[in-house]
Each structure stands twice: as structure tokens, then as C-alpha cells.
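Enquirer: Structure in C-alpha cells, see below.
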Amino acid sequence: MIKNNLEEARNYYNDTRGKKYKNLSLYNLAELDYFEGQFSKARAKYQTLLSKISARDSLANNILDRTVLMSQFAADSLDLAEYARAEFLERRLKKSESAGKFLEIFKKRNKLGFKAGIKAGHLYMQLDKYLESESLLTNLIQNYSGKEGIDQVYYLLGEQYFQQKMYKKSLENFQHILLQFPSSFYLEDARAKARMLSELVKENDV
């Protein structure tokens, strides 16, 4: 799949034998359908998988995330297809191209813009393009301050500033999560990082 030979990948997964790998192959076939914008086919395969695996299976969360995304944006299939293509570039490890595609989606300000903005910001971080990432993430905070998921943006900014050894700014973002998002998925990690950063800030102020 990474080499973009979709037909070869599809044949490989279809030919997979053995129960151990059958579910994983079906998942990858569903992913191929998703990346190609064949959402009905992808949804059917994901649903089949969900009926076969337990909630503790490592694939379950990935499948649920995909099915929720497709349901949420079912009326915006063209935008979702563009988003899926950007995800496919990311899967193929083409991070710079993927970030650019997500940025294009973000700039359109459509319903997927917020999610695309987070994706682009995170990818720019991974590429050490901190100016681009910071600009995008702060833009998200300014324009989507009440949006569900905005806590992730503060978390990413905290991580980015930490990577740049900008400890005070990093601490401010993690503390914001502690104060404003008590139910955040990132809460415990933000708390641990805030403690560590508090010590680093004290040491650097001495």
C-alpha cells in the first residue's frame, strides 16, 4: 500500500489465508476502499469486521473512528474523498504532500476544515516545520475556540514548544488543558508534562 500499487495490494489481501490474518486483511481492504472514496464498500467491510472482533481488539477503535467519520460527513462525500486522499498520502509516508493537501482542505473552511487543520499542524511538527505548524495551530485556536477537539490543538502546541525548548509557552498550553478541559483525553499526560515543565522553568529562571 505504501508504494501506491493499490491493485497489487488488493490482490494480496484477498489472497491472504488463515484466520490469524483474515481480519487484518479485511481491515486493509476496507482501508483501500476508504482511501479510494468507495465509502459504501468500506463501511460494509468495517461493519463485517465489527461483528467478528471483540471490543478489546486493537482494530476496534480504528474501525469505529472510520465509521463515525464516514457517518458524520456522509452528506459531504466529495470533501471526505479529498480528506481520504490526504490520509492516503500520510499512510504512504509522504508527509509533506499530505500536510499540503490537509492545508488546502483547511483553507476551504468546509466541515472537514478543523480536522484537516489539526492533521496538517501535526504533520508540519513531524517535519520540523515549526513556523508553519505554530501559525496553523494558533489559527485553529483563534477560529475554533469552542470546537470539540480544540484541546488537542493546545496539546500539540505544548508539544511543539517543548521540542523547541520554549518551556514557558509549552507549560502555558498544558496548563490551559488542565484548567479548561477536565475531561480531556490528554489530561493526565498534560498534568505530567506540566509538572516537569514547572521544574524546568524554575531551573532556567535561576
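FYI, it's all coordinate maths here, none of it is from the lab. Treat the numbers as computed from the prediction; the structure is a model and nothing was measured. Glycine gets a Cβ as well: all are built from the backbone with ideal geometry, and neighbour counts include every protein chain shown.
Enquirer: Cross-link list K22/K107; K115/K169; K115/K193; K129/K193: which exceed 30 angstrom alpha carbon to alpha carbon? Could you put the intermediate results ahead of the total?
Expert: On the way: K22/K107 40 Å; K115/K169 24 Å; K115/K193 25 Å; K129/K193 22 Å.
Over 30 Å Cα-Cα: K22/K107.
Enquirer: So if we plug the beta-carbon distance of K165 and D15 into 1/(1 + (r/R0)^6) with R0 = 45 Å, what FRET efficiency do we get, rounded to 0.05?
Expert: That gives a FRET efficiency of 0.35.
Enquirer: Just one of (i) 161; (ii) 190; (iii) 140 is volume of the Cα convex hull per residue in Å³ as worked out from the coordinates here. Which one is it?
Expert: (iii)
Enquirer: For every helix of n ≥ 4 consecutive DSSP H residues, a contribution of -39,500 (n - 2.57) applies; sum these over the chain, divide by its total residues, and give [θ] at 222 nm rounded to the nearest 500 deg cm²/dmol. Intermediate values should be presented prior to the final figure.
Expert: On the way: 11 runs with 159 residues, N = 206.
Calculated mean residue ellipticity at 222 nm is -25000 deg cm²/dmol.
Enquirer: Go through V68, Q38, S135 and say which Cα lies farthest out towards the positive end of the charge dipole of the chain; charges sit on Cβ, +1 for Lys and Arg, -1 for Asp and Glu.
Expert: Most positive-ward Cα: Q38.
Enquirer: Set the Förster radius R0 to 25 Å, insert the Cβ-Cβ distance between S25 and S71 as r into 1/(1 + (r/R0)^6), and round the FRET efficiency to 0.05.
Expert: Working: r = 24 Å, r/R0 = 0.96.
Taking R0 as 25 Å, the efficiency between S25 and S71 is 0.55.
Enquirer: Report ³J(HN,Hα) in whole Hz for each residue of segment 38-51, in order, from the Karplus equation J = 6.51 cos²θ - 1.76 cosθ + 1.60 where θ = phi - 60°; Gly and Pro get x.
Expert: 8, 5, 5, 5, 4, 4, 4, 5, 4, 5, 4, 5, 4, 6
Enquirer: For D128 and L78, what is the calculated FRET efficiency with R₀ set at 22 Å and r taken between the beta-carbons, to the nearest 0.05? Show your work: numbers first, answer last.
Expert: Numbers: r = 33 Å, r/R0 = 1.48.
Efficiency, from the Cβ-Cβ distance: 0.10.
Enquirer: What's the local net charge at E36, with K and R +1, D and E -1, over the other residues with C-beta under 12 Å away?
Expert: Details: positive: R10, K41, R85; negative: E7, E31, D33, E87.
Around E36, the charge tally is -1.
Enquirer: Going by average Cβ neighbours within 10 Å, how do the peptides 107-119, 152-164 rank, with the highest at the top? Display every interim value, and only then the final one.
Expert: Details: 107-119: 18.5, 152-164: 20.8.
Going by the mean number of other Cβ atoms within 10 Å, highest first, we get 152-164, 107-119.
Enquirer: Which of the trypsin sites (Lys or Arg not before Pro) across segment 44-105 are loop residues per DSSP, with 11 or fewer other Cβ within 10 Å?
Expert: Numbers: sites: K45, K52, R56, R66, R85, R91, R92, K94, K95, K101; in loops: R56, R92, K94.
For trypsin sites (Lys or Arg not before Pro) across segment 44-105 that sit outside H, G, I, E and B with at most 11 neighbouring Cβ atoms in 10 Å, the list reads R56.
Enquirer: For S54 and E7 in the same chain, what is the full-extension length gain: residue separation times 0.36 nm, less their Cα-Cα distance, in nm? Show your work: numbers first, answer last.
Expert: Numbers: separation 47, 0.36 × 47 = 16.92 nm, distance 2.96 nm.
Residue separation times 0.36 nm, minus the Cα-Cα distance, leaves 14.0 nm.
Enquirer: Using 0.36 nm times the number of residues separating S96 and Q38, minus their current alpha carbon distance, what extension gain do you get?
Expert: On the way: separation 58, 0.36 × 58 = 20.88 nm, distance 2.49 nm.
Between S96 and Q38, full extension yields 18.4 nm more.
Enquirer: Placing +1 at every Lys and Arg Cβ and -1 at every Asp and Glu Cβ, with all other atoms neutral, what dipole size does segment 1-129 have around its Cα centre, in debye to the nearest 20?
Expert: Details: 25 positive and 16 negative charges, 53 e Å.
Dipole about the Cα centre, nearest 20: 260 debye.
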